[in-house]
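The values are calculated or read from the model by the stated rules, or taken from the named source; none is laboratory data. Keep in mind it's a predicted model, so treat the numbers as computed, not measured. Using ideal geometry, Cβ is built from the backbone for each residue, glycine included, and neighbour counts are taken over all protein chains shown.
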Amino acid sequence: MVVDYLGAIGAEHTDRVVAVHAHTHDRHVEVIEQFETEHDGIGFVYDSGV
């Protein structure tokens, strides 16, 4: 869902990913994998540790 939206708006890089609450679907993992392998990467990833 988030990856689809970011692709639709043409995002190639993101400066930050903030994971404040991990869900069982791990959507933030999808964003990280997509941007680190298919696009120009991510500047920083912040994770609450939850």
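Some points to look at:
- Checked against the criteria, Val29 counts as assigned to a helix (DSSP H, G or I), among the β-branched types (Val, Ile, Thr) and exposed (fewer than 14 other Cβ atoms within 10 Å of the Cβ).
- Residues located in region 11-36, provided they are at pLDDT 80 or above and of a type in the set (Asp, Glu): Glu12, Asp15, Glu30, Glu33, Glu36
- All of (1) of a type in the set (Val, Ile, Thr); (2) touching a helix residue (DSSP H, G or I) at 6+ places or on another chain (Cβ under 6 Å); (3) exposed (fewer than 11 other Cβ atoms within 10 Å of the Cβ) hold for Ile9 with one exception: (2).
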